[in-house]
Structures are given as C-alpha cells and as structure tokens.
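Novice: I have a structure here, written as structure tokens, and I will follow up with some questions on it.
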Amino acid sequence: MRTPIRILILATIVMLVGVGSASARISNAPGDEITNGAQLYDRWYALPGISTPDGNNPIWERQATNTRSGADTWRCSECHGWDYKGSEGMYASGSHATGFPNVMKLATSMSNAEIVSHLKGSKDPSHDFSKYLDDTNLEKLARFLKEDLIDDSSSVDPITLKVTAGDAVHGKQLFETTCANCHGEDGKLLVFRTEGVNEYIGSVAKRDPYRFLHRTRFGVAGTEMPIGRELGWKPSDGVDVLAYAQSLPTGTEKEPVANAGAGSKSSPAMGGPQGGILGGMLTGISVLFGMFGMSAFFLFGLVVIGILIVWALRKRN
C-alpha cells in the first residue's frame, strides 16, 4: 500500500514542477514580451494596476492640430500613429496629426537600451514614462519598437485606404475560423464605440486599416481576444484578413428596396410634367383641356339635373 502512495505523491510533485516550468517558459517567451510591448504601444494604461494620468501629456502642448484630450494624449499610437510613422505616415495630416516623429525610423538607429533610456526622459524630460511603467514594461515596449514594427505601406493605398495586396479568400477562412465566433459572420455582432460613433469590424477595416492590422496581430490591451501573432499568423495573414474585412458591412449601408432583385432599377415615373420645352407645352395644353373638360362635364350635369326636375314637376301637375 505504501509503494503506490509514494509513487502517486512523486508523480504529483513531478506534474506540479512540470506545470510550473511550462508556465515560466510561457511567461518569459519572446513572443509574449513583444505582444505585451505592442499592447503597451496601444494603451499602456489599460494594463492592470496602472492608472490613467490626470490631464494631458506634457508634450501635447507642443502641437495644436490634434484636439483630443485626456487619456488619448498619453497613447503612443495617438502620437506616432498605427503605422508607427508619425508625421511621415497616415497621421501626417487630418484630425490625428501631431507632427511627432516617425518611431519606426528612430528605432532602427537606437539600441533597446537607448530606447528605454529615451522612454525614461533622457532626451526629453517631458517624455518620461518611468513614473507610470516599471523597467520590465519599458523593456517590453522598447523590444516591440526595435524588433517587430511592420511596414504595411506597400499593402494599403494611402488615398483610398483599400488593401492593394491581399488574399481576401484566405482572409475569409481565417476570419470565419478565428474572428467570427465573437464578431459574427458579418462582423456586426460586437459594436465598438469610437469617439461617439458606433463601429463594426467592417468600418474599422475601411476607416483605419493600420489600427485593424496592429490589433489583429497583437490584440487589445485589457481585453481577451485571439492574437494573430500567438496563433502563428504571418504579417501577410493579417493583410489577408484585412482585405476580407473591408468587404464586410459598416452599418451605414442603405437598406435595399423591398422585393427588388439584384440589378433592379427604379420604376419609371408615371405622370407628372414632361421634360423639355415641348413637353412643358404639351403638359400645359393637357392641363387646360382637362380644366375645360371638367367644367363642361359639371355644367352638363347641372343641365341634366335641371331637366329632370322640370320633367318631374310637370308630370306631378
């Protein structure tokens, strides 16, 4: 009896040690560090235990084109864009423009340690995030900026924002097997509230494709969702999903006319004034004759009624 018990206890210890080792490997996996760094770039204050700073980021006063305030001013993505190119990318103009630099370009010329130092305010005291993020998180953010920024500019048209290089058929397969469970097959099951506007997967994909790509690959801080990078998706897979998502409804489409089949056209107008000068003349003549006709018919009716009354009176007498 003692031997089986000892074996059971030993097996349990081995199993617990194995689980602990596996957990350590997962938590220290390079992929997780980069994913966490990407989520910090998105909304670092969405992580547990971190409060949103009061007021605006001190450097926000250096620009006057982006009128957002509060928590948004502290986000790396709001200053430097979802394409990571800041004043040289999609946020070079428009309501998100700030004039802040291209971090993709800056990161290539800096080491991870130099990026961390910069995030601690070594080059600009107003850019000191060490008050809010510990060294571990700053190193994760630096690693993401240094090692995993993806340039998708060759896949997205800068004017139309449509995908120019992507396999929508493959994207549909990935979407239906991974994303549709939560977002629905038409992408409208979950509603996003963005700056007072309701959005769906389709509207985000069309209006802000770089945000779509970032969050498809790395997830959203503070939420649970499948992360493309952890599923083994390549950068091109994210572009394929984006290509398909841009075909999904945005919620602003007009409802089709009832009983109208594909390719149906509006019914021709029946009645009303004719077009052109000749048509106007004919319409006027028709109206004139119509008025005379109605008047003649009314007078004829009065005459008939009068005759009948006279006939009835004479017959009575």
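The values are calculated or read from the model by the stated rules, or taken from the named source; none is laboratory data. These figures come from a predicted structure and were not determined experimentally. Cβ atoms come from the backbone with ideal geometry, glycine included; neighbour counts cover every protein chain shown.
Novice: Looking at region 8-28, is at least one residue at pLDDT 95 or above, closer than 28 Å to ARG217 by Cβ and among the hydrophobic types (A, V, I, L, M, F, W, C)?
Specialist: no
Novice: Here's another thing I want to ask about it. Out of the residues in region 170-183 that are free of Cβ contacts under 8 Å to residues at least 60 places away in the same chain and not acidic (Asp, Glu), state the one that is nearest to ALA205 (Cα to Cα).
Specialist: Ranking the candidates gives HIS183 first.
Novice: Determine, yes or no, whether ARG207 is free of Cβ contacts under 8 Å to residues at least 24 places away in the same chain, basic (Lys, Arg) and in the same structural domain as VAL241 (by TED's automatic domain parsing).
Specialist: The answer is no for ARG207.
Novice: Quick check: anything in region 62-73 over 26 Å from the mean Cα position of the chain (by Cα) and over 16 Å from PHE144 (Cβ atoms)?
Specialist: The answer is yes; a qualifying residue exists.
Novice: Tell me which residues, restricted to region 196-219, are within 8 Å of the chain's Cα centre (by Cα) and outside any strand (DSSP E or B).
Specialist: TYR200, ILE201, GLY202, SER203, VAL204, ALA205, LYS206, ARG207, ASP208, PRO209, ARG211, PHE212
Yes or no, residue by residue, for (1) surrounded by 19 or more Cβ atoms within 10 Å (Cβ to Cβ); (2) outside the structural domain of LEU248 (by TED's automatic domain parsing); (3) not hydroxyl-bearing (Ser, Thr, Tyr):
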{"residue": "VAL156", "(1), (2), (3)": "yes, no, yes"}
{"residue": "VAL169", "(1), (2), (3)": "no, no, yes"}
{"residue": "LYS188", "(1), (2), (3)": "no, no, yes"}
{"residue": "VAL197", "(1), (2), (3)": "no, no, yes"}
{"residue": "ILE201", "(1), (2), (3)": "yes, no, yes"}
{"residue": "THR216", "(1), (2), (3)": "yes, no, no"}
{"residue": "THR223", "(1), (2), (3)": "no, no, no"}
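Novice: Here's something else I'd like to know. Would you mention how many residues in region 113-128 are closer than 14 Å to TRP74 by Cβ, among the aliphatic types (A, V, I, L, M) and out of contact with any Phe, Trp or Tyr (no Cβ under 8 Å at 6 or more places or on another chain)?
Specialist: Of the residues in region 113-128, 0 are closer than 14 Å to TRP74 by Cβ, among the aliphatic types (A, V, I, L, M) and out of contact with any Phe, Trp or Tyr (no Cβ under 8 Å at 6 or more places or on another chain).
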